[in-house]
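The values are calculated or read from the model by the stated rules, or taken from the named source; none is laboratory data. Computed from a predicted structure; not experimentally measured. As a convention, Cβ positions derive from the backbone with ideal geometry for all residues, glycine included, and neighbour counts pool all protein chains shown.
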């Protein structure tokens, strides 16, 4: 990374207190590259470098920093520099920062805002957490429908400097109600005398301010826009959500779902920044649930203790059976959770999914069952290892694999639908949870098949 390449030179300048050459070095770099360098540095050095930057440069670079580093730097900035940085931040980025700061630091930041920026900050913080209102910015350009294209362009030149994006221009009436939107390219290419109200493509989409983050992420995927307007219940335009905010939210959603799929609560901070006790707390709860679930496996083993004593060879295949069921269930769970998350599937699709996974479970189980059967009957030492009834054992293994894989596939695919129906996050159906559930049922299926097939032979 760029930070690692420049780090020796910058560290030397810091040690030598060569602030002049350090500023010159930074003046030649793009703000995003400067942010990358600061991210690679220890907090003490990053804070020192940040303090010597010119105010305007510091404000620009600050927005490129990851949220965790922003939070730490804010607490180390002097009041004067804090004022310049937080007032220059985009409102949506500032809101995300305020959500992460300790209460006393939040009060300090709010106290450093200008009256107009303070009003915006309080307005955004007033919306529910993870709603579209929290992630929007009020910095957009809106024009009136009776303007000509020339008048609209002149208005944009005058008022568009602080806008989050100018790719899309919004058309509102005198009360602020959203009427349509216009691509900037369409406005530029239009006849200067053409009316703004005639330039729209007739495809206008908006997001309610109360929509949760899954809803507006899905809206961006569906409508393929770089920005979408946010409105209240009366259609009054409140702000816009841009694609960069959506990418951040999508990353958070994906990270949270991955952590849940791994059988733990989502971390609020990066792995290396999470306190040890928090890591333990996030993981211990699910582990205890899974532990108690596995106790039922031990209970099932005790129930079939007699069969195991009479046919010890059956114990050889217990790991094979239960792991195959757990693996198939985990696969199905991951596929369905992902499809529900990206709106490929709806709750009403559960019957179609069940039919599809029923066939998949039979097919996959048959493949594994055939391989398991051939592995036993064709093994050179089959008589010494499995005894004279090796063919019966092979048949039990084959039948069990079909049953266990089928059951695991059905449970893994249907559980996310059930959780979504109950209003819970489907990712809660973690792969370890499904595997634990299938372990118990796998033992029951295995020994039931053995008691039927091997009755009168080994049992």
What do you reckon, is residue 358 in contact with a helix residue (DSSP H, G or I) (Cβ under 7 Å, 6 or more places away or on another chain), more than 30 Å from residue 216 (Cβ to Cβ) and in contact (Cβ under 8 Å) with a residue 24 or more places away in the chain? yes
Given the conditions (1) out of contact with any helix residue (DSSP H, G or I) (no Cβ under 8 Å at 6 or more places or on another chain); (2) within 30 Å of residue 68 (Cα to Cα), which single one is not true for residue 334? (1)
Members of the stretch 283-295 that are in contact (Cβ under 8 Å) with a residue 12 or more places away in the chain and either out of contact with any helix residue (DSSP H, G or I) (no Cβ under 6 Å at 6 or more places or on another chain) or surrounded by fewer than 16 Cβ atoms within 10 Å (Cβ to Cβ) (or both): 283, 285, 286, 287, 289, 294
With the condition kept exactly as written, say whether any residue in the stretch 180-199 is out of contact with any helix residue (DSSP H, G or I) (no Cβ under 9 Å at 6 or more places or on another chain), within 17 Å of residue 238 (Cα to Cα), surrounded by 13 or more Cβ atoms within 10 Å (Cβ to Cβ) and in the same structural domain as residue 234 (by TED's automatic domain parsing). yes
Please work out if residue 437 is assigned by TED's automatic domain parsing to the domain that holds residue 306, under 28 Å from residue 350 (Cβ atoms), part of a helix (DSSP H, G or I) and within 25 Å of the chain's Cα centre (by Cα). no
Filter result (farther than 16 Å from residue 168 by Cβ, touching a helix residue (DSSP H, G or I) at 6+ places or on another chain (Cβ under 8 Å), at pLDDT 80 or above and part of a helix (DSSP H, G or I)) within the stretch 200-234: 213, 215, 217
Restricting the search to the stretch 147-172, which residues are part of a loop (DSSP other than H, G, I, E, B) and modelled with pLDDT of 90 or more? 147
Within the group 310, 343, which residue is at positive phi and either touching a residue at least 40 places away in the same chain (Cβ under 8 Å) or exposed (fewer than 14 other Cβ atoms within 10 Å of the Cβ) (or both)? 343
Checklist (1) in contact with a helix residue (DSSP H, G or I) (Cβ under 7 Å, 6 or more places away or on another chain); (2) assigned by TED's automatic domain parsing to the domain that holds residue 193; (3) more than 28 Å from residue 215 (Cβ to Cβ) applied to residue 154, failing item: (1)
Assess whether residue 412 counts as being in the same structural domain as residue 333 (by TED's automatic domain parsing), part of a loop (DSSP other than H, G, I, E, B) and over 24 Å from residue 314 (Cβ atoms). no
Within the stretch 354-403, take every residue that is under 48 Å from the mean Cα position of the chain (by Cα) and outside any helix (DSSP H, G or I) and give me the one that is surrounded by the fewest Cβ atoms within 10 Å (Cβ to Cβ). 378
Tell me which residues, restricted to the stretch 124-133, are free of Cβ contacts under 8 Å to residues at least 40 places away in the same chain and over 15 Å from residue 89 (Cβ atoms). 126, 129
Within the stretch 119-143, residues out of contact with any helix residue (DSSP H, G or I) (no Cβ under 7 Å at 6 or more places or on another chain) and either in a helix (DSSP H, G or I) or over 29 Å from residue 96 (Cα atoms) (or both) come out as 119, 122, 123
